[in-house]
Amino acid sequence: MQIGEGFLKERYLPLRAFREEHRKSIENIEEFWAEQAKVLDWFKTWDRVLDDSKAPFFRWFVGGQLNASYNALDRHVKAGKRNRAAIIWESERGETRTLTYYELYREVNRFASALKNLGVGKGDRVVIYMPLVPEVVIAMLASARIGAIHSVVFSGFSAEALATRINDARAKVVITADYLYRRGKKLNLKEIVDRALLETPSVESVVVLRREENGVNMVEGRDYDWHNLLEGADKYVEPVPVESNHPLFILYTSGTTGKPKGIVHSTGGYLVYVAKTMQWAWGITESDLFWNTADVGWITGHSYLVYGPLTLGLTVMMYEGALNYPKPDRPWELIEKHGVTIFYTAPTAIRMLMRYGDEWVKKHDLSSLRLLGSVGEPINPRAWKWYYEVVGGGRCPIIDTWWQTETGGYMIYPSAGLQLPPLKPGSATFPGLGVDADVLRADGSPAEPNERGYLVIKKPWPGMLLGIWGDDERYIRTYWQRFSKPDEGIWIYYPADYAMKDDEGYFWIFGRADEVLNVSGHRIGTAEIEHALVLHPAVAEAAVIGRPDEIKGEVPVAFVILKENVVPSEGLKKELIDYVRETLGPIAAPAEVFFVNKLPKTRSGKIMRRVLKALASGKGLGDLSTLEDEASVEEVKKALEGFE
Ligand code: PRX
């Protein structure tokens, strides 16, 4: 299928021109990225574009000085864009707010002053646990303005998950709100924070955005009302110049162990990367209204709801609420109402909305749309076609963006802003400029066309993570050990995704190659769920796998060995599911729990999740020679049958 011919004609280059540009961009990455870095305002230019002397701890634009909040706000205000809309926000309850660049600038300055008054300074960590309201952006930019490091924790996470992240980052301040509204219900966020703070000694103060008059508990001397704090605040705070590699934020993501990884991103390299990829992917201009449905608690929200668009002086739409509430046409209604030109969401949302039928879409005039986007998981061709035909009316190319929390920004995606390649449903097309991607076999040799292997990135790029907060060894082990040859000075980044290049060079990404699940586009480690389960007093051992799900892509399923004398029951299954939901958050809650007496293990005692997965999906068991006890397979089979 060839789509997008004639699209953005004025920017149209033959595809071979894009290929040529791409080849050049990865030939001399320093020269290429030095040129791109002009997209930012620097207080001082860098001394070195790329320092690889401590590889794989690559450092970009070394010695350069800048401030993220200055780039997102001050420079636009100075350039006469003060009355331009930065954020158009709407809530599930129908409230709307528009913040101009000047309003955002004013609020960020005042809140930065308030944070300073709470003793927050350069390098301190600020945890933000808030609903998707404009204040979350204010809090992030205010933190960046004074050189603090923010760590946004998704508001769907539980008190325990929040506490783990606060403790790992040793945060000084937590910023939250009283309530979160979703699907017509009200959740007391502050109460979750209070529970988390019972075990977080580093936290000195809490700022609470109160959305309702009455209500939440405030602890004297620790908790401050957002608006009261602003009363004593200065109107202007000098943006603190930071070195390009000063951390802008930490964002936690699941890994293969029970402990989440604090992914650390830089200021200079990260901002250059998100701004440029934003331009290349979408060819975005000031006449666009970009609606990214992601929450700021995820990297998609950081890079393409906050830092990318604001650094470029664009307008974003932000929506607090569920996409199918109160009615399944909520997104289409909003696109029509606000004149959204680019709609960016996850395949899981597309599949969910598709289920309601075409009528809900057709009720609305979606002619303002010019591009559609997809992120977070592979998009299945059926959902792709529906999205393209029904939502986009056959006019809007789909920009399928492959990337990760760690990569900071888009890596494999169609560059509609340069030249749109013919699209193939389910393929994220080609690596973007400056990205040297490939597919390797397990032994490190290049895979043939159409041969499935492991995706790799062969050269550093400015959006790459600086490391894992407080764990250099894990950083090297997780991302660089698999394919690098340090003795030869070869560093290859390993994202842990299966992929394939077809005979036209298109990349196809198939999903995780490690024990991390992708539930509705969100990463959750099986080890993290297992860890939560064994904390329950009834559980002796647990193994978690992913089972394909039509809407969510994948859902966790748990196999549990109960402690002696514990009586299995349907009630206990439900209790365990609720327990995980409480401990980690709803994404992690198993769709099903099975009780077994044995788990399939290797002779060295490692759980063979592969065998569980095969049994759960009714597939062939493969090689069982390393299995310690064959009776375990029968056990699992029985448990699975028992349920059905
Ligand atoms: O497996 C890939 C999948 O999501 C993982 C990254 O998850 P996270 O860090 O939470 O970031 C999600 C948003 C960028 C990847 O390792 N993934 C992400 N985008 C795609 C994808 N898989 C296929 N196609 C995509 N477009």
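Per-structure values
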{"item": "For the chain, diffusion coefficient by Stokes-Einstein and Kirkwood Rh (Cα), 25 °C, 0.890 mPa s, µm²/s", "result": "96 µm²/s"}
{"item": "Among Y236, G121, I529 - extreme Cα towards positive end, dipole of the chain, charges at beta-carbon", "result": "Y236"}
{"item": "For E451, net neighbour charge (Lys/Arg +1, Asp/Glu -1) across residues whose Cβ lies under 9 Å away", "result": "+2"}
{"item": "Global geometry of the range 251-354, whether rounded, prolate or oblate, following the gyration tensor of its Cα atoms and the 1.5 cut on a/c", "result": "oblate"}
{"item": "Extension reserve of the A322-D358 stretch, reckoned as 0.36 nm per residue once the Cα distance is removed", "result": "11.1 nm"}
{"item": "Cα centre as origin, Lys/Arg/Asp/Glu Cβ charges: the range 540-587 dipole, Debye", "result": "0 debye"}
{"item": "Computed over the range 20-152: relative contact order in percent, which uses C-alpha pairs under 8 Å that are six or more apart", "result": "18 percent"}
{"item": "Reachable lysines from K327, criterion Cα separation under 17 angstrom, eight or more residues apart if same chain", "result": "K185, K337, K362, K363"}
{"item": "Loop-located GluC sites (Glu not before Pro) in the range 529-587 whose Cβ has at most 13 other Cβ within 10 Å (DSSP)", "result": "E550, E564"}
{"item": "Dipole of the chain, positive end: most advanced residue of V375, L162, V596 [Cβ charges, Cα centre]", "result": "V375"}
{"item": "Estimated FRET transfer efficiency (E389, S617; beta-carbon r; R0 35 Å; 0.05)", "result": "0.70"}
{"item": "Gain in span if fully extended, E630 to K186, counting 0.36 nm per residue against the direct Cα distance", "result": "154.9 nm"}
{"item": "Debye-sum result for the range 72-144 in log10 I(q)/I(0), which assumes one identical scatterer on each alpha carbon, at q = 0.13, 0.15, 0.18, 0.20 Å⁻¹", "result": "-0.42, -0.55, -0.76, -0.89"}
{"item": "Student exercise, the chain dipole from Lys, Arg, Asp, Glu Cβ charges, in Debye to nearest 20", "result": "780 debye"}
{"item": "K638 versus K122: modelled label distance in nm, points set 7 Å from Cα along the beta carbon direction", "result": "6.6 nm"}
{"item": "Cα-projected label distance for E448 with D365, points at 7 Å along beta-carbon direction, nm", "result": "5.5 nm"}
{"item": "GluC sites (Glu not before Pro) within the range 269-377: DSSP coil, no more than 13 neighbouring Cβ in 10 Å", "result": "E286"}
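Only the coordinates and a few stated rules stand behind these numbers; no lab work does. All of these numbers come straight from a predicted model, not from anything done at the bench. Note that we place each Cβ from the backbone using ideal geometry, even for glycine, and neighbour counts take in every protein chain shown.
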